[in-house]
Amino acid sequence: MALEAEYYSEIGSIQEYSSTLEKLRTVVHDLQDYELRCWTAIRLADLYSLQGKHSKALEVLHDLSPSPELPPALLATRGILMRRRGHLSLAVQDLQAAVGDLRGKDARMLLRSQLHLSDALRRSGQEDESGRVLREALTLLMQDRQRGAYKPDLEELRELTQHALLDPDSAPYMEAVLDQLAILTNTQPIYEDTLMHLQVFTLGRAVVMKDGEEVQLTLQGSALTLAYLTLYPNRTRAEIQADLYPDKEPETGASYFRSVFRELRQKFGQHILIMEGPHKQPRYRMGRGVHVDLDAKELQEALRRGEVARALALYRGPFLPHMDESEWANALRDELSTGLGLELRGRLDRAVAAGDLKRGLLLCNQYLRVDPLEQEILELRVELARKVGAPHELARYMVELQRFLN
């Protein structure tokens with residue numbers, strides 16, 4: 001059953017994974033098999049936590065513990081759960097205690113604990129200690145032949161990843177790890193007490209996830225409409241059409257949005273959208289019990305707060321890059337890329353003025369993720385690389401600049 005659960009986890013079949021773990025829980029509950037009880041407790045608690053069922057996660061962790069005091073691996077798991085809930089001091093306490101006991105015993109759980117501990121320390125304001133723990137973890141990760149097993153953690157801790165990429169002391173380690181794993185993805189925290197949790201990814205792609213599983217949409221306007229109503233609820237269909245597709249003929253636009261609303265209800269259920277107000281001009285909004293994580297909204301909030309590392313963690317490309325016929329999408333795309341570019345440019349100028357040229361070089365690379373055709377930054381990157389970059393970096397940057405000029 002454990003192997004069956006691992007198989008479902010590998011292929012991303014969350015429902016079957018959850019069901020198999022639940023069956024396994026009933027089997028191992030009364031067994032004295034220490035390893036199997038810990039194995040089941042860690043995975044089931046982790047799954048519940050990611051689904052936002054935090055009380056159930058803690059309950060199963062203690063219920064399946066083979067001893068009154070949590071063993072190190074379960075203590076580390078509890079620390080990860082606390083970090084996800086934002087209880088940072090409790091997370092640091094559990095994870096630091098677990099790290100000391102896991103050394104030389106459980107390499108995989110030790111490494112996971114260090115990654116999550118580094119993030120909890122960073123969010124607690126302990127930047128130096130966070131960096132030290134992270135560099136040790138990344139060194140171990142590069143030595144681990146099963147490094148692919150840590151992909152979910154690095155995806156979850158994407159903000160920590162971006163902080164490391166902007167830190168001259170940690171960037172070489174993180175770049176090496178990301179080169180090996182070839183990942184730079186965004187996951188969002190999952191909230192409890194909702195009937196449905198949607199993750200709408202619009203930066204560099206158009207992907208909608210329902211309770212952790214991707215839902216295939218056939219109409220471009222479906223993901224666009226989900227994003228729009230998340231940002232601007234209580235709009236009539238005429239208002240939605242005027243904002244998103246002002247160039248469509250009224251009858252054509254009305255027909256198209258009927259198809260969009262039909263697809264959304266078919267894919268997510270009738271309660272995905274609520275209509276309120278006059279029968280002839282109802283206003284649409286997301287249904288009660290539907291929680292939407294929209295990466296574009298998160299990016300807007302990160303930029304308002306000046307959280308550049310979080311903004312970079314969210315930014316995987318332009319807003320709905322293939323959506324050219326919507327004026328609203330075009331405007332939001334420009335707003336987000338311009339806002340992130342300005343934030344990066346300000347930090348870049350300050351780093352160069354302060355003589356922190358290595359950080360300036362890292363910021364040049366991040367800026368060019370947003371605007372790869374900015375000649376001034378391409379030239380500045382070459383200038384900085386001549387002073388603080390490695391020879392192979394300088395050569396690559398010069399080739400990219402020359403390619404742009406030609």
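The values are calculated or read from the model by the stated rules, or taken from the named source; none is laboratory data. The model shown is predicted, which means the values in this text are computed figures rather than measured ones. Glycine gets a Cβ as well: all are built from the backbone with ideal geometry, and neighbour counts include every protein chain shown. Side chains included, ligands, DNA and RNA excluded: accessible areas come from the protein's heavy atoms. Shrake-Rupley method; radii C 1.70, N 1.55, O 1.52, S 1.80 Å.
Which pairs turn up if I take residues in the stretch 37-63 that are in contact (Cβ under 8 Å) with a residue 60 or more places away in the chain and farther than 16 Å from Asp94 by Cα and look for partners that are open to solvent by 50 Å² or more (accessible area, probe 1.4 Å) and assigned to a helix (DSSP H, G or I) with beta carbon separation below 7 Å, at least 6 apart in sequence or on another chain?
Short answer, once both residue conditions are applied: His54/Arg85.
Every residue, every condition in (1) under 22 Å from Gly104 (Cα atoms); (2) modelled with pLDDT of 85 or more; (3) in contact with an Asp or Glu (Cβ under 7 Å, 6 or more places away or on another chain); (4) loosely packed, with under 15 Cβ neighbours inside 10 Å, yes or no:
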{"residue": "Gln146", "(1), (2), (3), (4)": "yes, no, no, yes"}
{"residue": "Asp153", "(1), (2), (3), (4)": "yes, yes, no, no"}
{"residue": "Glu156", "(1), (2), (3), (4)": "no, yes, no, no"}
{"residue": "Glu159", "(1), (2), (3), (4)": "no, yes, no, no"}
{"residue": "Ala176", "(1), (2), (3), (4)": "no, no, no, yes"}
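Quick one: which helices (runs of 4 or more DSSP H) lie wholly within the stretch 83-171 and hold at least 2 residues that are free of Cβ contacts under 8 Å to residues at least 60 places away in the same chain, within 18 Å of the chain's Cα centre (by Cα) and within 26 Å of Asp295 (Cβ to Cβ)?
107-123, 151-156, 158-165
Return the pair list, or none, for Cβ contacts closer than 6 Å from residues in the stretch 272-289 that are among the small types (Gly, Ala, Ser) to residues that are part of a loop (DSSP other than H, G, I, E, B), at least 6 apart or on different chains.
Hits for this filter: Gly289/Thr194; Gly289/Leu195.
Mind checking which residues of the stretch 263-317 are farther than 21 Å from Glu239 by Cβ, part of a strand (DSSP E or B) and under 15 Å from the mean Cα position of the chain (by Cα)?
Asp293
Here are some residues: Ser118, Ser124. Which one is out of contact with any Gly (no Cβ under 9 Å at 6 or more places or on another chain) and of a type in the set (Ser, Thr, Tyr)?
That would be Ser124, the only listed residue that is out of contact with any Gly (no Cβ under 9 Å at 6 or more places or on another chain) and of a type in the set (Ser, Thr, Tyr).
I'd like to check something: does the stretch 243-259 contain any residue that is open to solvent by 50 Å² or more (accessible area, probe 1.4 Å) and closer than 17 Å to Thr230 by Cα?
yes
Which residues, taken from the stretch 317-346, are basic (Lys, Arg) and surrounded by 19 or more Cβ atoms within 10 Å (Cβ to Cβ)?
Arg333
Name the strands (runs of 3 or more DSSP E) wholly within the stretch 188-255 that hold at least 1 residues that are more than 18 Å from Gln51 (Cα to Cα) and at pLDDT 90 or above?
Numbers: elements: 196-201, 207-210, 213-215.
Output list reads 207-210.
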